[in-house]
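> Just dropping this structure here.
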Amino acid sequence: MVNGDRILEVRDLVKHFPLTQGILFKRQIGAIKAVDGVSFDLHKGETLGIVGESGCGKSTLAKVLMALERPTSGSVLINGRDIGRAKGAELKRMRRNIQMVMQDPYTSLNPRMTVGDIVGEPFEIHTEVAPKGDRRKKVQELLDVVGLNPDHINRYPHQFSGGQRQRIGIARGLALQPEIIVCDEPVSALDVSIQAQVINLLERLQNEFDLAYIFIAHDLSVVRHISDRVGVMYLGKFVELGKDTEIYDKPAHPYTQALLSAVPVPDPEGREQRERIILQGDPPSPANPPSGCRFRTRCWKAQEICAEEEPLLQIRPGTGHESACHFAETHDVVHIG
Amino acid sequence: MKKTSADVLPVEGVYGDEPLLAVDDLHVEFRTRAGIVRAVNGVSYTVNPGETLAVLGESGSGKSVTAQAIMGILDMPPAHIPHGEIRFKGTDLLKLSEEARTQVRGQRIAMIFQDALSALNPVFTVGWQISEMFRVHRGMSKADAMKKAVELMDRVRIPAARQRVNDYPHQFSGGMRQRIMIAMSIALDPEVLIADEPTTALDVTVQAQIMDLLADLQRESQMGLILITHDLGVVADVADKIAVMYAGRIVERASVHDIYRAPAHPYTKGLLESIPRVDLKGQDLYAIKGLPPNLLELPTGCAFHPRCPYRQDNCVTDVPPLYQISGTRGSACHYWREVLDGER
Ligand SMILES: Nc1ncnc2c1ncn2[C@@H]1O[C@H](COP(=O)(O)OP(=O)(O)OP(=O)(O)O)[C@@H](O)[C@H]1O
Ligand SMILES: Nc1ncnc2c1ncn2[C@@H]1O[C@H](COP(=O)(O)OP(=O)(O)OP(=O)(O)O)[C@@H](O)[C@H]1O
Ligand code: SF4
Ligand SMILES: [Mg+2]
Ligand SMILES: [Mg+2]
């Protein structure tokens, strides 16, 4: 799967938000470096999981991929074309191919629109996909695909549960038959007993339509379950990128190791003996990231070189996958579920 | 420490065989225009000094409402407590006057709220908000109370506490604000601390810091901890015993080791089985089918029956009592034996 067709190529992607001061005369006093040099590929039918602490830039990355935000620099190639620079009709065409499922099924749907209108809205913009007469049928098919009752097409979002609303969002994401779906925390707002239903649905749809997913989530065991490869982000950069087994069983970056060791294991046996790396302090501000390695202010391995030289994301001695640490060393921290 | 009002509280230290805190057959309902919401339908649990009870369950199952009843902070009406007792060291809090109740609330039983991040007042400094506990309840001077606030911020490991005591909430990260909330809740050395989803909004690395901190504080002071959460990992990590709630009832009660080894209620079993496991990668996750119940129209019999793979005819008609399986274990399922044996 990993060696299949590349449908997304992200190169040196940067998104800075200007930090301004003053009310009447705004002047720029700096920038929030939300995404600061990210590169990766995504292949047809593949799932790339993205994990990392709050504020590390995951949603910003998602928005730049979707061309909801323009990149500050770098490129996002979808089937070889740069969506970040596309305009007008071309941008519209490219957008068909990359869709998004959002975190919050409670606020991301317009409460005054019927389910039919919500799921069918993309057809209004992309009229070529479904001629007017076909739309109702198309929408009902989509509802059926995601496991909702097609007869409920005239209901409103508040008449559905959280898990059902997330299905509505997924049906809408599928409407234009995209090749890529970006899922930003698609299950975290759902009840535990409902999360598994939605994850199974996403996996089933992936197989059926050969979809590629960017899957952003904070639940590391869910990410492991669904992902072929995983990227670990810290302060706007990938610090480690590899196959799911490489990241989870042989993490090489200290941040990944700390992150994995912090995940509580759903098994009380032997809990006293478990190794746990408790990071001190909070992540630094993305407006003013540390020099050299951004993780060094919280890293127990940091030496002088870490402040002076930025470690690049590359394959390092003794590890089979890319990591961005001068002292990368694989270490099986814990087996999480 | 100087003599404090805690010494003259109505609830005394001698309580014989009684647990530190006992919720006993508690019922809470909300009388709304749409009908009566039976949020809590006969919940019983206990916690003892130094012990951690985890309360686990579906969203809307009554976990927070039970906690609010213990704290005495439910708005009544619309809430009513038609039945039940909440005994703190043997004294039924529900029978106390509001004045006596105030002496317990926040001082001897304290709570960290689910939406802690919005519970801090944005217009006062964190130091002022923490020190308020000492000014109001201990009658300390401003300067003394502020000194205590710095001590507490230190205790919850806020770096450079002395410099940061005059900062406002928005100047702190989510994890730090949560630590400030914890500081306020432990300020008066409560005997019982209720933590309602204390880490749900936080990152795993910060969650690990906070849980570590709570464990330390508990070790130091031997408080009883009621931890409300839906995270099966956190529960396995810190709990001594568990109460699982569904539709306003406790459906299973057990020690942490028993429940993870072999659950005795289909809902608990479903939750545990739906956790992704490495060896199941590429396969469907086990998913509990159906939807959470509507409290306005609870299913007849066992409230879980529409979703249950073990259901038999009597489940639709007869409400299962909490069957006593052993001294510490109970399951509200007619077919707990089959569930325990892993038959399906
Ligand atoms: N429109 C914006 N203007 C200014 N700063 C922004 C904007 N959007 C995001 N940021 C900042 O960029 C950084 C990255 O934010 P982002 O939402 O991408 O993080 P995230 O990894 O998705 O976090 P979470 O896990 O909390 O969703 C944060 O510091 C955030 O405050
Ligand atoms: N003031 C109120 N009026 C009417 N119903 C209420 C009120 N407060 C709570 N409820 C209902 O009581 C039920 C139990 O709510 P509670 O907050 O205890 O759930 P919970 O188990 O804490 O859920 P969560 O995991 O989502 O926090 C819910 O269905 C809720 O809608
Ligand atoms: S009582 Fe019946 S319906 Fe309820 S959990 Fe047990 S088997 Fe299932
Ligand atoms: Mg985000
Ligand atoms: Mg709650």
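> Counting only other chains, what is the mean number of Cβ atoms within 10 angstrom of the Cβ of each residue in peptide A:212-224?
2
> Let me ask another. Averaging sequence separations of C-alpha pairs under 8 Å and six or more residues apart, then dividing by the length of chain B, give the relative contact order as a whole percent.
Relative contact order of chain B: 19 percent.
> Consider all pairwise Cα distances in the range A:255-337 and report the whole-number % of them above 14 Å.
For the range A:255-337, the share of Cα pairs beyond 14 Å comes to 68 percent.
> Test of understanding: in a Gaussian network model of chain A with alpha carbons linked when under 10 Å, which of A:Q21, A:Q197, A:Q103 would top the mean-square fluctuation ranking?
Of A:Q21, A:Q197, A:Q103, the most mobile in the Gaussian network model is A:Q21.
> Relative to the first principal axis of the alpha-carbon coordinates of chain B, what is the inclination of helix B:174-186, with its axis defined by its Cα atoms, in degrees from 0 to 90 and to the nearest 10?
In chain B, helix B:174-186 runs at an angle near 80 degrees to the longest axis.
> So how strong a dipole does the protein assembly as shown carry about its Cα centre when Lys and Arg Cβ are +1 and Asp and Glu Cβ are -1, to the nearest 20 debye?
Using only the charged Cβ atoms, the result is roughly 1920 debye.
> While we're on this one: List, by residue number, every residue in the range B:285-322 with a reduction of 50 Å² or greater in accessible area between the chain on its own and the complete protein assembly, 1.4 Å probe.
B:L285, B:L291
> If you don't mind, there's one more thing I want to ask. Compute the convex hull volume of the Cα atoms of the range A:18-86, divide it by the residue count, and report the result per residue in Å³ as a whole number.
Cα convex hull per residue, to the nearest whole number: 117 Å³.
> Testing the spin-label approximation: label points 7 Å from Cα along Cα→Cβ at A:K132 and A:F25. State their distance in nm.
According to this spin-label approximation, the distance is 5.5 nm.
> Quickly rank B:96-104, B:176-184 as a protection proxy: mean count of other C-beta atoms within 10 Å, highest first.
B:176-184, B:96-104
> Shifting gears a bit: How charged is the neighbourhood of A:D210? Take every other residue with its Cβ under 15 Å from the Cβ of A:D210, and add Lys/Arg as +1 and Asp/Glu as -1.
Computed value for this residue: -3.
> May I ask for the angle, rounded to the nearest 10°, between helix B:126-138 and the longest principal axis of chain B, with both axes built from Cα atoms and the value confined to 0 to 90°?
Here the helix axis deviates by roughly 90 degrees.
> Relative to the Cα centre, what is the charge dipole magnitude of the range A:255-337, using +1 at the beta carbon of each Lys and Arg, -1 at the beta carbon of each Asp and Glu, and rounding to the nearest 20 debye?
About 140 debye.
> Ordering B:E191, B:E197 by how much accessible area each has at a 1.4 Å probe, largest first, what is the list?
In descending accessible area the options line up as B:E191, B:E197.
> To check you understand DSSP bridge types, tell me what percent of the beta bridges within the protein assembly as shown (both residues inside) are antiparallel, rounded to 5.
60 percent
> Order the following by accessible area, largest value first: B:D279, B:D25. Probe radius 1.4 Å; ligands, DNA and RNA are ignored.
B:D279, B:D25
> Just to make sure I understand: if all protein chains stay in place, what is the order of B:K89, B:K148 by accessible area at 1.4 Å, largest first?
Greatest to least solvent exposure: B:K148, B:K89.
> Same structure again: Under a 5 Å amide H to amide H cut-off, with H placed in plane at 1.01 Å, what residues pair with B:I325 once short-range neighbours are removed?
Amide H neighbours of B:I325: B:G330, B:S331.
> Averaged across the residues of B:172-180, what count of C-beta atoms belonging to other chains lies within 10 Å of each residue's C-beta?
Going residue by residue through B:172-180 and averaging, the value is 2.
> Rounded to the nearest 5, what % of the DSSP beta bridges within chain B are antiparallel ones?
Of all bridge pairs located within chain B, approximately 60 percent are antiparallel.
> What nm distance separates the two modelled labels at A:L77 and A:N207, each placed 7 Å from Cα along Cα→Cβ?
3.3 nm
> Indicate, rounded to the nearest 5 percent, the antiparallel portion of the DSSP beta bridges found entirely in chain A.
Roughly 65 percent of the beta bridges in chain A run antiparallel, per DSSP.
> Pulled fully out, how much extra length does the chain show between B:Q222 and B:N166, if you take 0.36 nm times their separation in residues and subtract their Cα-Cα distance?
17.1 nm
> Is any residue of the range B:26-59 close enough, with backbone N under 20 Å, to a label point placed 7 angstrom from the Cα of B:H83 along the Cα-Cβ axis, and if so, which?
So the set is B:26-32, B:36-46.
> Also, quick follow-up: What is the Cα coordinate range of the protein assembly as shown on the first, second and third principal axes, sorted by size from largest, in whole angstrom?
Each principal axis gives a Cα extent; for the protein assembly as shown these are 76, 66, 55 Å.
> Starting from the Cα of B:N48, step 7 Å toward the Cβ, then list every residue of the range B:208-233 with an amide N under 16 Å from that point.
So the set is B:222-226.
> Specify the angular offset, from 0 to 90 degrees and rounded to the nearest 10, of the alpha carbon long axis of helix A:115-125 from the longest principal axis of the alpha carbons in chain A.
80 degrees
> Please average, across the residues of B:268-281, the number of beta carbons from any other chain that are within 10 Å of each residue's own beta carbon, and give a whole number.
Shielding by partners across B:268-281 averages 5.
> Which semi-axes, in whole Å and largest first, does the equivalent ellipsoid of chain B have when worked out from the alpha carbon gyration tensor as the square roots of 5 times its eigenvalues?
37, 24, 18
> Which listed residue (A:L190, B:A303, A:P284) has the Cα farthest towards the positive end of the charge dipole for the protein assembly as shown, taking +1 on Lys and Arg C-beta and -1 on Asp and Glu C-beta about the Cα centre?
Comparing the listed Cα positions along the dipole, A:P284 ranks first.
> Taking amide hydrogens as modeled 1.01 Å from N in the peptide plane, which residues meet the under 5 Å criterion relative to B:E252, leaving out close sequence neighbours?
B:V244, B:A332
> Consider all pairwise Cα distances in chain A and report the whole-number % of them above 38 Å.
20 percent
The values are calculated or read from the model by the stated rules, or taken from the named source; none is laboratory data. What you see is a predicted model, and the numbers here were worked out from it, not measured in a lab. Every residue, glycine among them, receives a Cβ derived from its backbone with ideal geometry; neighbour counts consider all protein chains shown. Protein only, heavy atoms only, side chains kept; ligands, DNA and RNA dropped before computing areas. Shrake-Rupley method; radii C 1.70, N 1.55, O 1.52, S 1.80 Å.
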